[in-house]
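Chemist: Mind having a look at this structure? Questions to follow.
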Amino acid sequence: MDREEVTEFLGQVPLLQCLPSSSIRRIADAVLVKRYEPGGYVAREGDPVDGLYIILDGQAEVSAPANTEEENRPDYVLNKYDYFGYGTNSSVHQVNVIAVSKLTCFVLPNQYGHLLQPKTIWSAEETPENHSLLEQILHLEPLEVDIFRGFTLPGAPTFRQALAAASKTVDCLKAVHSLHAIFLIAGDKNLPIIYQVHRARDGTSFATRKVEAKQKGLVIFTLIASFQKDELGFEHQAAIMPDVPPPEELLNLEEIRERRLTDPRFPMQYRNSAAKKKFVPWPIEMRFCEDSASQHKPSLNYWFRARGKLSDDPALHRCVVAYASDLLYSGVSLNPHREKGLKTYSLSLDHSIWFHKPVKADDWLLYVIDSPSAHGGRGFVTGRMFNRQGELVMSLTQEALIRRAKTPGQPSQTPRPKL
């Protein structure tokens, strides 16, 4: 097997899938290959544990020591992708492992054990504090295989982390190419969320995952995501990026706010009120292509990119753009209906994304949003994302509940979905 094949195999071992892609590639360089004949001892009770063993081909039997009572013997068979020698509190093997058939194993020697304990699910070397706020938001705590816990950081916008959970159960050579999410009930941003990942399918080219996000035992959000191994194929692009000013010529949100606070054309009462409001910069930098005079159009164009440093895990960058896609998205369907004194709220109902090409979330991307329809309390929006080269990298759709606030003069108390 060449390095790429070893990496692909290791990426399908459930124990390793929550690791950063860089860690898996380093493990692929470090593993040794060991082969055993039927009946041969792979590990003997009392022998030193010399590393993590992963079954590549064949079967092995785990048997208890000979002095164990018959009814308590935990004999069972290890198959492809199974492993042993990791997570034990002892420096010696507690059981015998014997080859049932011709057996091939990958062995990660003990001196490389640190690769199994990265700083985060995205970075092997650095803690989240050294990266952007987005990477901190997207940091999930693996509780066990296919189960993660996520939190909303204080001051951070609410955000779904389900795609991150799904991505960390798929081999690193497969990238998400589509996702479909349905919001069931509003979440509580003050509580952690448990993400349960279900492995719907694992194929040679594609993998499918279903994620259930739970709070207080209730499923509040579901996501179906499909992942594909990179391959060559037919290509065309009919979509054309709009002719808009480059981001360097536009103001970001902080600069717009500062101008409004100091612009004498705005009433002093408005400026004083705006200055007193707590302002927390978003982890996404945005630069709008149109001025405020265009805010009543059912469309919006703006450039965006992640603030700060992102790790180089491709899955992270796709999770980041998925996050950025929902910050202002559904609100565009309310634009034609905005008027002075009108209080509204919106609640995402479903959200779909198709990833067409690789994407770098810390480079500028143009987000083109249109709302072709609103009816029955639901607003519908479509979106396209282009990189600076004019390549269409993503297409999106969303439907959201859009309503007038029930209590005139007060914002709706209905929280946005946390996911």
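Chemist: So what's the Cα pair-distance distribution over segment 185-254, bin width 10 Å, in %?
Modeler: All Cα pairs considered, the percentages come to 15, 22, 19, 31, 13.
Chemist: Provide the percentage of antiparallel DSSP beta bridges, counting only those with both residues in the chain; round to the nearest 5.
Modeler: 100
Chemist: For the chain, what % of the accessible area comes from carbon and sulfur atoms, probe 1.4 Å?
Modeler: Ligands and nucleic acids excluded, carbon and sulfur reach 50 percent.
Chemist: Rounded to the nearest 0.05, what FRET efficiency is calculated for L253 and D50 with R0 set to 60 Å and r the Cβ-Cβ distance?
Modeler: 0.60
Chemist: Work out the length of the dipole vector of the chain about its Cα centre, built from +1 on the beta-carbon of each Lys and Arg and -1 on the beta-carbon of each Asp and Glu, and round it to the nearest 20 debye.
Modeler: Its charge dipole is roughly 2460 debye.
Chemist: Moving on to the next point. Using a 1.4 Å probe on the protein heavy atoms only, what accessible surface does I137 show? Give it in Å² to the nearest 10.
Modeler: 10
Chemist: Hey, another quick one. Dividing the Cα convex hull volume of the chain by residue count, how many Å³ per residue is that?
Modeler: In the chain, the Cα convex hull volume per residue is 174 Å³.
Chemist: Further question: So what is the accessible area of segment 7-64 per residue, in Å², with the probe set to 1.4 Å?
Modeler: 39
Chemist: Based on the alpha-carbon set only, what is the convex hull volume of segment 131-227 divided per residue, in Å³?
Modeler: Given the Cα convex hull of segment 131-227, per-residue volume reads 103 Å³.
Chemist: Near the amide H of A43, under 5 Å away, which other amide H atoms are found, from residues 5 or more places off or on another chain, if H is placed in the peptide plane?
Modeler: V97
Chemist: Another one. In square angstrom, rounded to the nearest 10, how much accessible surface does F9 have for a 1.4 Å probe?
Modeler: 10
Chemist: Starting from 0.36 nm per residue, how many nanometres of slack lie between R307 and H236 once their C-alpha separation is accounted for?
Modeler: Net length gain for the segment: 22.4 nm.
Chemist: I want to check the label-to-label distance for V77 and V145. Put each point 7 Å from Cα in the C-beta direction and report it in nm to one decimal.
Modeler: 1.7
Chemist: What FRET efficiency do you get for Q94 and L116 if R0 is 22 Å and r is their Cβ-Cβ distance, rounded to the nearest 0.05?
Modeler: The calculated FRET efficiency here is 0.70.
Chemist: Thinking of segment 263-402 as a set of Cα atoms, what percent of all their pairs are more than 19 Å apart?
Modeler: 58
Chemist: Same structure again: Whole-Hz ³J(HN,Hα) for each residue in segment 100-112, computed from phi via Karplus 6.51 cos²θ - 1.76 cosθ + 1.60 with θ = phi - 60°, x for glycine and proline: what do you get?
Modeler: 8, 10, 4, 10, 10, 10, 8, 10, 9, x, 4, 5, 9
Chemist: Please work out how much accessible surface V33 shows to a 1.4 Å probe, ignoring ligands, DNA and RNA, in Å² rounded to 10.
Modeler: 70
Chemist: With a point put 7 Å past each Cα toward its Cβ, work out how far K406 is from D2 in nm, to one decimal.
Modeler: Roughly 6.2 nm, to one decimal.
Chemist: Further question: Report the full-extension gain for the segment S101 to E391: residue separation times 0.36 nm, less the Cα-Cα distance, to one decimal in nm.
Modeler: 99.3 nm
Chemist: Something else about it: Toward the positive end of the charge dipole of the chain, about the Cα centre and with charges on Cβ (Lys, Arg +1; Asp, Glu -1), which of S299, F183, T204 goes farthest?
Modeler: S299
The values are calculated or read from the model by the stated rules, or taken from the named source; none is laboratory data. Bear in mind the structure is a predicted one, so any value in this text is a computation, not a measurement. Cβ sites come from the backbone with ideal geometry, for glycine too, and all protein chains shown count toward neighbours. Please note that ligands, DNA and RNA were not included when accessible areas were found on the heavy atoms of the full protein model with its side chains. Shrake-Rupley method; radii C 1.70, N 1.55, O 1.52, S 1.80 Å.
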